[in-house]
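Everything below concerns the one structure shown next.
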Amino acid sequence: MNEVMYQTRKLNQEIKNSNEYNHYVRILNKLKEDDKLYKRLMEFERKNIRIQTMSDFNAYEDVTRLRDEYSDILSLASVNEFLGAEQRLVRMLNKVEEGILSDLQLAIEVLDD
């Protein structure tokens, strides 16, 4: 277990050194300078995640309404830059997870519908 944790810390350091992570953190910190904007963006993110994870077939309409409600911030270049950076970081982390899980024998078919 100690070796796995050691390698995990090394992987975390590699992620922190990546362009995707550094760009994300830089944009995030810039957004945090405007407290009102940052809080509104986090509100949007929470609601968006809730829709994506809890909605069934009405997700498209819900997302459209949400985007309309937050159009004031979604039209800002800084917000779009953050959302793009976030998406690239999450995509990278998903690939890392896939890489880790791809060679492990796990009973993950329990997650299938």
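The values are calculated or read from the model by the stated rules, or taken from the named source; none is laboratory data. Note that the structure is predicted; figures quoted are calculated from it, not measured. Here the Cβ positions follow ideal geometry from the backbone for every residue, glycine too, while neighbour counts run over all protein chains shown.
Values computed for the structure shown
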read-out: Neighbours by Cβ (under 7 Å, 6+ apart or cross-chain): first from region 75-89, touching a residue at least 40 places away in the same chain (Cβ under 8 Å); second of a type in the set (Val, Ile, Thr) and buried (at least 16 other Cβ atoms within 10 Å of the Cβ); value: VAL79/ILE73; GLU81/ILE27; PHE82/ILE27; ALA85/ILE27
read-out: Qualifying residues in region 20-46 (those that are of a type outside the set (A, V, I, L, M, F, W, C) and surrounded by 15 or more Cβ atoms within 10 Å (Cβ to Cβ)) - the one nearest to ARG88 (Cα to Cα); value: GLU20
read-out: Failed criterion for GLU69 (all others in (1) at pLDDT 95 or above; (2) within 17 Å of ARG91 (Cα to Cα) hold); value: (2)
read-out: Within region 30-66, considering residues that are of a type in the set (D, E, K, R) and under 16 Å from GLU86 (Cβ atoms), the one nearest to the chain's Cα centre (by Cα); value: GLU45
read-out: So ILE49, is it loosely packed, with under 13 Cβ neighbours inside 10 Å, out of contact with any Lys or Arg (no Cβ under 6 Å at 6 or more places or on another chain), under 18 Å from ARG91 (Cβ atoms) and among the β-branched types (Val, Ile, Thr); value: yes
read-out: Residue in region 95-111 that is within 19 Å of LYS32 (Cβ to Cβ), at pLDDT 90 or above and either in contact with a strand residue (DSSP E or B) (Cβ under 8 Å, 6 or more places away or on another chain) or surrounded by 12 or more Cβ atoms within 10 Å (Cβ to Cβ) (or both) present; value: no
read-out: Test: residue in region 34-52 that is in a helix (DSSP H, G or I), in contact (Cβ under 8 Å) with a residue 40 or more places away in the chain, touching a helix residue (DSSP H, G or I) at 6+ places or on another chain (Cβ under 8 Å) and over 23 Å from SER18 (Cβ atoms); value: yes
